[in-house]
Amino acid sequence: MPKTWQRVRFGDVVNDVNEVERNPLEAGLDRYIGLEHIEPENLHIKQWGDLTVDEVSFTKRFRKGQVLFGKRRAYQKKVAVADFDGICSSDILTLEPKGDALLPELLPFIVQSDGFFEHALGTSSGSLSPRTRWSQLQNYEFPLPPKDEQRRIAEILWAADEAVYAYISANQNLTTISTHLLTKFTTTGCGTPTLSATALGNIASHWTVETIESVTSLCQYGLSIPLHEAGAYPILRMMNFDDGEIVANDLKYVDLDEREYREFRLEPSDILFNRTNSAELVGKVGIFRLDGDYVFASYLVRLRADSRKILPDYLNAYLNSELGQQRLRAYATPGVSQTNISAGNLKKVLIPVPPLDEQTQILKALKDLRTGERQTRTHVQTLCTLKKRLMAELLHSVGACDVH
């Protein structure tokens, strides 16, 4: 630590403000923040609740400029800077500098630092929903530079944060556009064709409306057998879906005889459908492209596209679109703890089917969109890594202020 820096306790330079407002609307406050409104590792608040619409029990007031820190499940790294006044959950600490030793501009990055989160996690208690407390957080110690150096560090870190935030916003916008275009492409194609009214709404007049049963050659439940940590064949489950693809995460294994293996072995371009889950998650769909010998569990359904009528990637794209998901969930049957969509009902789901050459054009357009999304996400990850490195160097390392 440079000689001009001093080691301080968090509670000596920061206040946890506990301001109560029991009648927020009368005080001119119409927005509230819960933990669900703060994005992990994003200092900017982009969503909130409306007090004129929702009934909440929150009475804790926050003010513009304060740092909001989620003390419950601190591993989620939820920190944000308030850019308006409002009411927030009691699971959010409202922090501001005490006295003039610490610049307000630097406080968000101290709270966002790895050292602070490690202290928060180390002082959290509770098994299902661990929380830390101000009485413990205030004991966190960190090196504090003189105010002129604080100002320079804050300028560098805010410039890095602005770059990260610009790419995050661009990625979110691109995702929104992609979601909209996915539905458009799978109902009217890439052009502006004449539309006709159908059971699915308006679609291109030269397309047909089919059922899943009529455009697939196989609709099959998976294996209902015990799973193991090791075995002959990896078996895919409901956690193996990621953005329309099947991924090899958290694998379990099974041992099968040759007949069972042949019956349940997945082939490239098979589509898996998650038939049982919570109401929010039932209906996940992903296409299988993994190398190796995989089988699938009983709460999944395997679909195999009839390539004479529909391309597997097009079927997968439609079932992942907003309209496709709506049609799937219309057949969901609620249970005690989970919702189910049977294979029989799955077969009834309607599909807008363009000619095969148009399906190819649609898939090319979707591929270009996904390429842009992946590139933007890569930029976000690169910039986040750079920002973390800058924070580590500027806030903790000897000679950090020599960074240019």
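If the chain between residue 357 and residue 52 were fully stretched, how many nm would it gain, using 0.36 nm times the residue separation less the Cα-Cα distance?
Working: separation 305, 0.36 × 305 = 109.80 nm, distance 5.11 nm.
Residue separation times 0.36 nm, minus the Cα-Cα distance, leaves 104.7 nm.
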Quick one: if you stick a label point 7 Å off each Cα along the C-beta vector at residue 243 and residue 135, how many nm between them?
4.5
When the label point is put 7 Å from the Cα of residue 278 along its Cα-to-beta-carbon vector, which residues of the stretch 214-240 have a backbone N closer than 14 Å?
239
For residue 203, what residues show an amide H to amide H distance below 5 Å, using hydrogens built from the backbone and excluding near sequence neighbours?
196, 198
Go through the stretch 31-42 residue by residue and turn each phi into a ³J(HN,Hα) via Karplus (6.51, -1.76, 1.60, θ = phi - 60°); whole Hz please, and just put x for glycine and proline.
10, 10, 10, x, 4, 5, 8, 9, 7, x, 6, 10
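Taking the Cα centre of the stretch 48-120 as the origin, how large is its charge dipole in debye, to the nearest 20, when only Lys and Arg (+1) and Asp and Glu (-1) carry charge on their Cβ atoms?
Details: 10 positive and 11 negative charges, 45 e Å.
For this selection, approximately 220 debye.
So, by mean Cβ neighbours within 10 angstrom, what's the order for 277-284, 243-250, 60-67, 195-202 with the highest one leading? Present the calculation step by step, with values, prior to reporting the outcome.
Working: 277-284: 16.2, 243-250: 13.9, 60-67: 19.1, 195-202: 12.4.
Going by the mean number of other Cβ atoms within 10 Å, highest first, we get 60-67, 277-284, 243-250, 195-202.
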Which peptide among 339-347, 22-30 comes first, and what is the full order, when sorted by highest mean count of other Cβ atoms within 10 Å?
339-347, 22-30
Amide H of residue 339 versus every other amide H placed in the peptide plane: which residues, excluding those fewer than 5 positions away on the same chain, fall under 5 Å?
277, 278, 279
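Counting other beta carbons within 10 Å of each residue's own, what order do 358, 36, 55 fall into, fewest first? Before the final figure, lay out each step's value.
Values: 358 19, 36 11, 55 5.
Neighbour counts put them in this order, fewest first: 55, 36, 358.
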Whole-angstrom gap from the stretch 76-104 to the stretch 254-326, using each part's C-alpha centre
46
If you stretched the chain out fully between residue 8 and residue 330, how much longer would it get, using 0.36 nm times the residue separation minus the C-alpha to C-alpha distance?
110.1 nm
Report, in listed order, any pair from 46/387; 252/284; 77/388; 77/387; 78/147; 77/252 with a Cα-Cα distance greater than 23 Å.
78/147; 77/252
Cα→Cβ-extended label distance, 7 Å offset, between residue 267 and residue 225, nm
2.1
Given (i) 23, 56, 20, 1; (ii) 22, 42, 31, 5; (iii) 28, 57, 15, 0, which label gives P(r) over Cα pairs in 20 Å bins from 0, in percent as computed from the coordinates?
(ii)
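What size of dipole, in debye to the nearest 20, comes out for the chain about its Cα centre when the only charges are +1 on Lys and Arg C-beta atoms and -1 on Asp and Glu C-beta atoms? Spell out each step's value before the answer.
Numbers: 46 positive and 52 negative charges, 50 e Å.
Dipole magnitude for the chain comes out near 240 debye.
May I ask you to derive the FRET efficiency for residue 250 and residue 26 from their Cβ-Cβ distance with R0 = 51 Å, giving the value to the nearest 0.05? Mind dumping the intermediate values first?
Details: r = 50 Å, r/R0 = 0.99.
With a Förster radius of 51 Å, E is 0.50.
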In a Gaussian network model over the chain where Cα atoms closer than 10 Å are linked, find which of 178, 224, 169 has the largest mean-square fluctuation.
224
Highest-fluctuation residue, 227, 174, 386 considered, GNM on the chain with Cα pairs under 10 Å:
227
In whole Hz, what ³J(HN,Hα) sequence does the stretch 197-212 give by Karplus (6.51, -1.76, 1.60; θ = phi - 60°), x for Gly and Pro?
6, 9, 5, 9, x, 7, 10, 4, 5, 8, 8, 10, 10, 10, 9, 4
Zero-based 5 Å bins, Cα pair distances in the stretch 74-130, whole percents:
4, 14, 24, 24, 20, 10, 3, 1
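In debye, nearest 20: dipole of the stretch 239-289 around its Cα centre with unit charges on the Cβ of K, R (+) and D, E (-)? Don't skip to the answer; put the middle values down first.
On the way: 7 positive and 12 negative charges, 22 e Å.
Its charge dipole is roughly 100 debye.
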Relative contact order as a percentage, the chain, C-alpha pairs under 8 Å and 6+ apart, gives 16
Give me the distance in nm between label points sitting 7 Å out from Cα along the Cα-to-Cβ direction at residue 100 and residue 257, one decimal.
8.5
How do 124, 217 line up, fewest other C-beta atoms within 10 Å first?
217, 124
Rg and Dmax of the stretch 27-79, Cα atoms, in Å?
11.5, 34
Whole-Hz ³J(HN,Hα) for each residue in the stretch 317-328, computed from phi via Karplus 6.51 cos²θ - 1.76 cosθ + 1.60 with θ = phi - 60°, x for glycine and proline: what do you get?
4, 5, 5, 8, 6, 4, 5, x, 5, 4, 5, 5
Taking amide H atoms as placed 1.01 Å from N in the peptide plane, list the residues 5 or more away in sequence, or in a different chain, whose amide H sits under 5 Å from that of residue 51.
31, 32
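Computed from the coordinates by the stated procedures, all read-outs in this text should not be read as laboratory data. Every value quoted in this text rests on a predicted model; they were computed, and no experiment measured them. Cβ sites come from the backbone with ideal geometry, for glycine too, and all protein chains shown count toward neighbours.
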